[in-house]
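What follows draws every value from the coordinates through simple rules; no lab data is involved. Predicted, not measured: the structure shown is a model, and the values here were computed from it. Virtual Cβ from ideal backbone geometry, glycine too; neighbours counted across all protein chains shown.
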Amino acid sequence: MAGLDASAEPALRVQISREGHVPVVTLSGELDLTSVEEVRSIVAAALDGEPDRIVFDTSALRFMDSSGIALLLWAAERVPNVELRDPSLIVQRLIELTGLGATLRVLK
Amino acid sequence: MMTRRTSPPQARNYGVLRTVGRATAARAKTVSVLPAGRRAPRRLSVIVAAGGLALTAVLAWTASTANHSSNNRLLRLQVRQTVSALSSALPSVQSQLVDALKVATATNSSSIFKSFVSDEAGGKGEFTSLSLWQRGGTGTKLLTFVGAEPELVLDGAARSFFAHVRPSATLQVTGILKSSSPRLGYAEMEPGETHYVVYAESALPASRKLVVPSSSAFSDLNFALYLGKRQLPSQLIEASVTTPIRGLHAVASLPFGNTAITVVGTPTTQLTGTLSASLVWIVVIIGAVLSLASATTVEYVARRRWIAERLAEDVARLYAEQHSIAETLQRAILPEQIPAIAGMEIAVRYLPGVNGVDVGGDWYDVVPLEEGRFVFVVGDVSGRGVKAAAVMASLHYASRGFALEGHPPEGILEQLAKTLDISRDEHFATVLVGLVDVARHQVTIANAGHLPPVLCSANKAAVVPIQPGSPIGISNRLTVEPLLVTVEAHATLIAYTDGLVERRGESLDEGIGRLQIAAERNTSTLEELLSGIVTDLTMDAPDDDIALIGLRWLD
């Protein structure tokens, strides 16, 4: 229930934009178990056009745990190419330590 | 020597020991709570209704009393006005008799008297009968009369009446004379007079019916007029209503000769007006409606709140029970007793996180093999809840089986990868497997996406530089590179799940750095070291679950 604590600003902000047919999901704040389902439903809506690529911009992500990894792997099940754009050091190290560098394309 | 730490009491709001039986009871209760159809009203609603009705009653009583009091006051006022109007009409009766007496005294002639008063009695005259009497030694004799013959003569009561007539400034009244047509008689004998008495009679209406004209100022009242100060039925002069008057009435008297006239008045209508009279009922109706409406509103709000509270309690209870089922499952799978390994000290910790009510899928295991070797496993299934715990259980037992079959660490992981598919099972897992040869001080480590262990020897802690393969569940064709590590005497290897080192706003490397510092502390036993690490790295209750295993070579 800790994630439901009434903090003034939302712990996570999600923004969807498009570069051609490619959805770009910009995440800022903290991506964890309490916020991941909301992002998953937003991303699911963005996958309606069956794009062959999706970009996650995680440069402004201050925190991500294994639920974030699960989200990215969930996207990788549905889209041939999942790209991480400008991941913050926190995200970058999480990807490296989880051995997912090959599964998720990281663009610096 | 091997212990497990249970969750601290403040870290969990929900009872760990709840049973499935209690969950069933709670659900049964939920069902009984929701159809809140017919129930006795709440005490508060009853108080509101009672209070409102009591206030209404007081207001109605006040309005009624005020109306009654005003009505009474107006009645008394009108009766007094009636008396005053009457008293201004009475003196003319006496003055006519006085004038007639003066004529008789001055002329000593009954014929002059008769012609003087001829217009005043009978026919259009004011009196029914007007007569002149002379007082002598033998009594008082009738000399002459105009109009009807005096009833007093017919009655035969003249002697006793005149015996009491004295010269006086006041009119002397007979009382009501009984006859077929009742009359009222009055005699006038001026002070100083010795001979003559003038006597008159007025007929009363046969039915004693008094008609108050509707145009009169007193048309709102019914009256009864009595001769004398008391309301004797025999002395009723006339009345506009059945006598005696009962209910609301007012009484006033006015002097009439040597007696008095008593006026009794009773209202025919509300003297205060219809609005004032209806006010009581208006207050009663509006008050009752408002009271009941308030009570109904209070009841509605209270009931809604009660239902909401019950629902919230039930939701919390169901969450707690759901959580406790998952936790029960997890605790059933995690080994209570770590097998003892000769030449090694092994300690473990499991701490449930507080982030969310579902448990995670963290686990550890130690599998003894032959020839002084054993396999240790630390793993973390993504996500939470019963499903994650079930996936954890299958990976836990599968890894134990592959270890017992003699697979090397990388082989165990490659076999595990064939059992889990994220697209089918919705979960993936990070797993670290190590094969320890106790006597040779060697550890072969393989890593599927898990955080690297920390090795501490001679009070210096270092991260084991093991490259991670991808996690279990991503692909069934996993390839991982094992790493052979040779450790010094009394070295300590610590493997853990991410809940121990991750913290908001910092990279995992910083958390691992804190773990290294905590692992370098001087402690006599491995148990103390793990307790110290948990205390140092989890400032308060951890968000995520934590599994932790420590291996120390005894030589």
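Please enumerate, by chain and number, the aspartates and glutamates with C-alpha under 19 Å from the C-alpha of B:Lys460, excluding those fewer than 8 residues away in the same chain.
Once the sequence-local aspartates and glutamates are set aside, what remains near B:Lys460 is B:Glu345, B:Glu488, B:Asp509, B:Glu510, B:Glu520, B:Glu527, B:Glu528, B:Asp536, B:Asp555.
Full extension from B:Thr242 to B:Ala489: what is 0.36 nm times the residue separation minus their Cα-Cα distance, to one decimal in nm?
Fully extending the segment from B:Thr242 to B:Ala489 adds 76.0 nm.
If each Cα of segment B:415-484 is one equal point scatterer, what is log10 of I(q)/I(0) from the Debye formula at q = 0.20 Å⁻¹?
Here the Debye-derived log intensity ratios amount to -0.82.
Considering only DSSP beta bridges with both partners in the protein assembly as shown, what is the antiparallel share in %, to the nearest 5?
85 percent
Grab the beta carbon distance between B:Thr138 and B:Leu275, set R0 = 56 Å, and tell me the FRET efficiency rounded to 0.05.
Taking R0 as 56 Å, the efficiency between B:Thr138 and B:Leu275 is 0.20.
Quick check: pseudo-label points 7 Å beyond the Cα along Cα→Cβ at B:Glu371 and B:Ser202, how many nm apart are they?
Reported label-point gap for B:Glu371 and B:Ser202 is 15.0 nm.
Using alpha-carbon positions, what is the distance between the centroids of segment A:40-108 and segment B:221-269, in Å?
109 Å
Mind checking which of A:Gly20, B:Leu554, B:Pro182 is farthest towards the positive end of the protein assembly as shown's charge dipole, using Cβ charges of +1 (Lys, Arg) and -1 (Asp, Glu) about the Cα centre?
Farthest towards the positive pole: B:Pro182.
To make sure I understand, if each residue's beta carbon is the centre and we count other beta carbons within 10 Å, what order do B:Trp553, B:Trp363 fall in, fewest to most?
The fewest-first ordering by Cβ neighbours comes to B:Trp553, B:Trp363.
Can you pull the percent of Cα pairs in chain B with separation above 33 Å?
Above the 33 Å cut-off, chain B has 66 percent of its Cα pairs.
Specify the angular offset, from 0 to 90 degrees and rounded to the nearest 10, of the alpha carbon long axis of helix B:274-333 from the longest principal axis of the alpha carbons in chain B.
Tilt relative to chain B: about 10 degrees.
Using a 10 Å cut-off on Cβ atoms, rank the peptides B:329-337, B:441-449, A:46-54 from the highest mean neighbour count down.
Those peptides, ordered most packed to least, come out B:441-449, B:329-337, A:46-54.
Using only Cα atoms, tell me the angle between helix B:91-107 and the longest principal axis of chain B; keep it within 0 to 90° and round to the nearest 10.
Roughly 10 degrees, rounded to the nearest 10.
Let me know the charge dipole size of chain B about its Cα centre in debye, to the nearest 20, where only the beta-carbon of Lys, Arg (+1) and Asp, Glu (-1) is charged.
4200 debye
Cα gyration tensor of segment B:334-553, axes a ≥ b ≥ c as square roots of the eigenvalues: rounded (a/c below 1.5), prolate (a/b > b/c) or oblate?
oblate
What fraction of the DSSP beta bridges in chain B is antiparallel, stated in percent and rounded to the nearest 5?
95 percent
Per residue of A:88-100, how many C-beta atoms from partner chains lie within 10 Å of its own C-beta, taken as a mean?
Averaged over the peptide's residues, the number is 6.
At 7 Å along Cα-to-Cβ for each site, give me the label-to-label distance between B:Ser234 and B:Arg440 in nm.
14.8 nm
Where both partners of a DSSP beta bridge lie in chain A, what percent of those bridges are antiparallel, to the nearest 5?
Among the beta bridges of chain A, antiparallel pairing accounts for roughly 35 percent.
Starting from one equal scatterer on each C-alpha and no solvent at all, send me the Debye-based log10 I(q)/I(0) for the protein assembly as shown at q = 0.05, 0.08, 0.09 Å⁻¹, two decimals.
Each listed q maps to, in turn, -0.49, -0.76, -0.86.
Can you give me the distance in nm between label points at B:Asn72 and B:Ala462, each placed 7 Å from the Cα along the Cα-to-Cβ direction?
About 11.1 nm separates the two model spin labels.
Compute the long axis of helix B:385-404 from its Cα atoms, compare it with the longest principal axis of the Cα atoms of chain B, and write down the angle in degrees, 0 to 90, nearest 10.
Helix B:385-404 sits roughly 20 degrees off the main axis of chain B.
Using 24 Å as the Cα-Cα cut-off, could you pick out the over-long pairs in B:Lys178/B:Lys209; B:Lys178/B:Lys229; B:Lys141/B:Lys229; B:Lys141/B:Lys178; B:Lys114/B:Lys209; B:Lys387/B:Lys418?
Cα-Cα > 24 Å for B:Lys141/B:Lys229; B:Lys114/B:Lys209; rest within.
Between segment B:154-178 and segment B:441-484, what is the C-alpha centre distance in whole Å?
Cα centroid to Cα centroid, the span is 144 Å.
Apply the a/c threshold of 1.5 to the C-alpha gyration tensor of chain A and tell me whether it is rounded, prolate or oblate.
Since a/c reaches 1.5 but b/c is at least a/b, the shape of chain A is classed as oblate.
Note down the magnitude of the dipole of the protein assembly as shown about its Cα centre, charges +1 on Lys and Arg C-beta and -1 on Asp and Glu C-beta and zero elsewhere, to the nearest 20 debye.
5060 debye
Show me B:311-324, B:76-89 ranked by packing, highest mean number of other Cβ atoms within 10 Å first.
Sorting B:311-324, B:76-89 by mean packing, highest first, produces B:311-324, B:76-89.
Could you list the GluC sites (Glu not before Pro) in segment B:88-160 that lie in coil according to DSSP, counting only those with at most 14 other Cβ atoms within 10 Å of their Cβ?
B:Glu126
Quick one: work out Rg over Rh on the C-alpha atoms of segment B:339-400, Rh as Kirkwood radius.
Here Rg/Rh amounts to 1.06.
Could you work out the percent of alpha carbon pairs in segment B:140-204 separated by over 20 Å, rounded to a whole number?
I get 22 percent for the Cα pairs in segment B:140-204 exceeding 20 Å.
For an R0 of 56 angstrom, estimate the FRET efficiency from the Cβ-Cβ distance between B:Ile282 and B:Asp155 and round to the nearest 0.05.
Using R0 = 56 Å, I get an efficiency of 0.45.
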